[in-house]
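What follows draws every value from the coordinates through simple rules; no lab data is involved. What you see is a predicted model, and the numbers here were worked out from it, not measured in a lab. Here Cβ is always computed from backbone atoms with ideal geometry, including for glycine, and neighbour counts include all displayed protein chains.
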Amino acid sequence: MSVQPIVESLQRMIKLHDSLLTLSKEKTESLKSGETDKLQSLMLQERKHVQAINQVEKQRQQEVEAWAIQAGLRPEEATVSVILDHLEDEQEKIDLENRFLKLTNVLYDLKQQENLNQDLTRQSLQFIQMSIDMMDPSLKNMNYGNAKIQQQASQSSKRSLFDSKA
């Protein structure tokens, strides 16, 4: 009833998430410098990483399920805490706990970095919108003069050419 396959899956998850964190930091620099071509390339690489992470995660879930069945537990009960409680080998406990903590830290760092990227993207979009608004001012601001006179002029232009009484 070894957890070595689970530990190995966690190690692969750590490597993939570390790589994803590196891409996210590069994405931050691309957002700061406005390099859209590089940003698109990074986002493509990011999608590939996410697909790989999903595959490794499915494999990890299968390994945890197999371990739980061997341990006589229901698969949905097999959390890291439960697995640690059921392990007898101290080295396996240490390995599993260390990998789990490292993965948790990498995920935290990745979340912080992605929040930063989201904020930078939002600010860039706000700047673009403001620039567009400045280049294309509204019609109200372009018309000078008294609004009452303009309204009367527009009403008089709506009259028919022939204003006759019957």
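Check each of the trypsin sites (Lys or Arg not before Pro) in region 60-99 and keep only those in coil by DSSP with at most 10 other C-beta atoms within 10 angstrom; list them in order. Could the numbers behind the result be given before it?
Values: sites: Arg60, Lys93, Arg99; in loops: none.
Nothing satisfies the criteria.
Could you check the spin-label model distance between Glu29 and Gln45? Points 7 Å from the Cα along Cα→Cβ, value in nm.
1.0
Over all directions, the average projected area of the alpha-carbon convex hull for region 51-144 comes to how many nm²? Walk me through the numbers before you get to the answer.
Numbers: hull surface 40.5 nm².
That works out to 10.1 nm², a quarter of the Cα hull's surface.
Multiplying the sequence separation of Lys93 and Lys38 by 0.36 nm and subtracting their Cα-Cα distance, what value in nm do you get? Spell out each step's value before the answer.
Details: separation 55, 0.36 × 55 = 19.80 nm, distance 4.22 nm.
Answer, rounded to one decimal: 15.6 nm.
Can you work out the FRET efficiency for the pair Glu8 and Asp109, with r the C-beta to C-beta distance and R0 = 30 Å, to the nearest 0.05? Mind dumping the intermediate values first?
Values: r = 22 Å, r/R0 = 0.73.
Plugging the Cβ-Cβ distance into 1/(1 + (r/R0)^6) gives 0.85.
Work from the charge dipole of region 1-92 (Cβ charges, +1 for Lys and Arg, -1 for Asp and Glu, about the Cα centre) and give the residue of Thr22, Leu42, Gln61 farthest towards its positive end.
Checked the options; the winner is Leu42.
For Arg74 and Ser131, FRET efficiency with R0 = 45 Å and r from the beta-carbon atoms, rounded to 0.05?
Details: r = 57 Å, r/R0 = 1.27.
Computed FRET efficiency for Ser131 and Arg74 comes out at 0.20.
How large is the charge dipole for region 1-115, taken about the Cα centre, if only the Cβ atoms of Lys, Arg (+1) and Asp, Glu (-1) carry charge, to the nearest 20 debye? Present the calculation step by step, with values, prior to reporting the outcome.
Details: 15 positive and 21 negative charges, 120 e Å.
Using Cβ point charges on Lys, Arg, Asp and Glu, region 1-115 gives about 580 debye.
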